[in-house]
2 protein chains.
Amino acid sequence: MDRALEEAQRAMEAGEVPVGAVVVLDGVIVATGNNRTRRDNDPTAHAEIVALRAAAKQLDQERLSGADLFVTLEPCAMCAGAISHARIRRLYYGAGDEKMGAVDHGPRFFAAETCHHRPEVYGGLAEEDAAAMLRGFFQARRS
Amino acid sequence: MDRALEEAQRAMEAGEVPVGAVVVLDGVIVATGNNRTRRDNDPTAHAEIVALRAAAKQLDQERLSGADLFVTLEPCAMCAGAISHARIRRLYYGAGDEKMGAVDHGPRFFAAETCHHRPEVYGGLAEEDAAAMLRGFFQARRS
């Protein structure tokens, strides 16, 4: 999760909402990603999507069965869907997201009957660090 | 929607689940996409995501406010989330998807309280053509 926080820091330094993600397989980091929706003009370029796409490319396979995803913020519906499509084994996330989160808030996607693959979910890892970075970013943007 | 069906046909010819999508702004096609998860080894490369990313790149902007999306199959949670992030104005889809659909089935994402942008939704356009193509694909794969 420290590596995911570093990625979030990079997003912040680039003026993006600070969220970072890391894909790990067999104890090795396969890919990292940070939020780059503005830099790339890509509404799908959340940290999770960036990391999942990079990991699939790196491993040369469509699915990441057995891989785990660490992300500093609770995934939204788009990212939860992508995590399911990618067959991620375990999801570790930092701060909960009451507004856009879709894992333990809102649509609670993995609990939906139609969800075809559910990772194990562990929330609240390094929650304070992740949340503090987000708070700092939005406070700075408002002022 | 004819153009979206053509895109679905292309996916089928490439051995992919036949789904196609088109982004239209001010009556002009801005971008198209077809499902290419296998070809690209990209679990996120559903037709909608491919089309939305291409449209945002084409327009050089993160959001597609005022643009409409035509897709041959009801979007899944990942794609519904992306449609919301992209600020799509109207969503027109073909066949309903009881298994993975997240608009009128499953999590019904746009109806969730936490959904921050809801397009107008029109389902069932060219439904039979879209559904027949999908049925044909899965029948051929099973046999």
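All of the numbers you see were taken from the coordinates with simple rules; none came from a lab. As the structure is a prediction and not an experimental result, all values here were calculated from the model. Glycine gets a Cβ as well: all are built from the backbone with ideal geometry, and neighbour counts include every protein chain shown.
Relative to the longest principal axis of the Cα atoms of chain A, the long axis of helix A:47-59 makes an angle of roughly 40 degrees. In summary, the lysines within cross-link reach of B:Lys57, defined as a Cα separation below 23 angstrom excluding same-chain residues under 8 places away, comprise A:Lys57.
Coupling constants for the stretch A:100-105 follow from the phi torsions by the Karplus curve (6.51 cos²θ - 1.76 cosθ + 1.60, θ = phi - 60°), and in residue order they are 10, x, 10, 9, 10, 9 Hz; glycine and proline get x.
Using Cα springs under 10 Å in a Gaussian network model of chain A, which residue among A:Ala77, A:Ala67, A:Ala14 shows the largest mean-square fluctuation? Highest fluctuation of the listed residues: A:Ala14.
Distances between copies at B:Arg90, taken between label points 7 Å from Cα along the C-beta direction, are 4.8 nm in increasing order. Kindly identify the stretch B:1-54 as rounded, prolate or oblate by the Cα gyration tensor criterion: order the square roots of the eigenvalues as a ≥ b ≥ c, call it rounded if a/c is under 1.5, otherwise compare a/b with b/c, prolate if a/b is larger, else oblate. Oblate, because a/c is 1.5 or more while a/b does not exceed b/c. First measure r as the distance between the Cβ atoms of A:Arg141 and B:Ala111, then evaluate 1/(1 + (r/R0)^6) with R0 = 22 Å and state the FRET efficiency to the nearest 0.05. So, using R0 = 22 Å, E works out to roughly 0.15. Computed from label points 7 Å out along Cα-Cβ, the spacing between B:Asp26 and A:Arg90 is 5.2 nm. Using Cβ point charges alone (K and R +1, D and E -1), the dipole size of chain A about the Cα centre works out to roughly 340 debye. Is the shape of the stretch A:35-111 best called rounded, prolate or oblate, per the rule: a/c under 1.5 gives rounded, else a/b larger than b/c gives prolate, else oblate, with a ≥ b ≥ c the square roots of the Cα gyration tensor eigenvalues? Cα axes put the stretch A:35-111 in the oblate bin.
Considering only the protein assembly as shown, what is the antiparallel percent among its DSSP beta bridges, to the nearest 5?
Working: 20 of 36 bridges.
About 55 percent, rounded to the nearest 5.
Residue by residue, the stretch A:134-142 carries 3J(HN,Hα) couplings of 5, 4, x, 4, 6, 5, 5, 6, 6 Hz when phi is fed to the Karplus relation 6.51 cos²θ - 1.76 cosθ + 1.60 (θ = phi - 60°); x denotes Gly or Pro. Inter-copy label distances for B:Asp60: 3.8 nm (label point placed 7 Å from Cα along Cα→Cβ; shortest first). Distances between placed amide hydrogens fall under 5 Å for A:Gly20 paired with A:Ala8, A:Thr72, A:Leu73, all partners being 5 or more residues away or on another chain.
Work out the FRET efficiency for B:Ala132 and A:Lys99 from their Cβ-Cβ distance, taking R0 = 51 Å, and round it to the nearest 0.05. Rounded to the nearest 0.05, the efficiency is 0.80.
Taking the convex hull of the alpha carbon atoms in the stretch A:1-134, what volume per residue do you get, in Å³? Each step should come with its number before you reach the end.
On the way: hull volume 12.7 nm³, N = 134.
Spelled out: Cα convex hull of the stretch A:1-134, divided by residues, is 95 Å³.
A simple spin-label model places the labels of A:Glu120 and B:Gln61 4.6 nm from each other, with each point 7 Å out along Cα-to-Cβ. Rounded to the nearest 500, the 222 nm mean residue ellipticity of chain A from helices alone is -11000 deg cm²/dmol, with -39,500 (n - 2.57) taken per DSSP H run of at least 4 residues.
Helix B:2-13 versus the longest principal axis of chain B: what angle, 0 to 90°, nearest 10, using Cα atoms? Orientation of helix B:2-13: about 50 degrees from the principal axis.
A simple count of charges around A:Arg63, restricted to other residues whose Cβ falls under 12 Å of its Cβ and scoring Lys, Arg +1 and Asp, Glu -1, yields 0. Only the Cβ atoms of Lys and Arg (+1) and of Asp and Glu (-1) were treated as charged; on that basis the dipole of the protein assembly as shown about its Cα centre amounts to roughly 220 debye. How much net charge surrounds B:Arg36 when only the other residues with a Cβ under 11 Å from the Cβ of B:Arg36 are counted, with Lys and Arg +1 and Asp and Glu -1? Combined, the nearby Lys, Arg, Asp and Glu give -2. Across peptide A:36-46, the mean count of Cβ atoms from other chains lying within 10 Å of each residue's own Cβ comes to 6. Let me know the shape class of the protein assembly as shown, please: from the alpha-carbon gyration tensor, a ≥ b ≥ c as square roots of the eigenvalues, rounded when a/c is under 1.5, otherwise prolate if a/b is greater than b/c, or oblate. Prolate.
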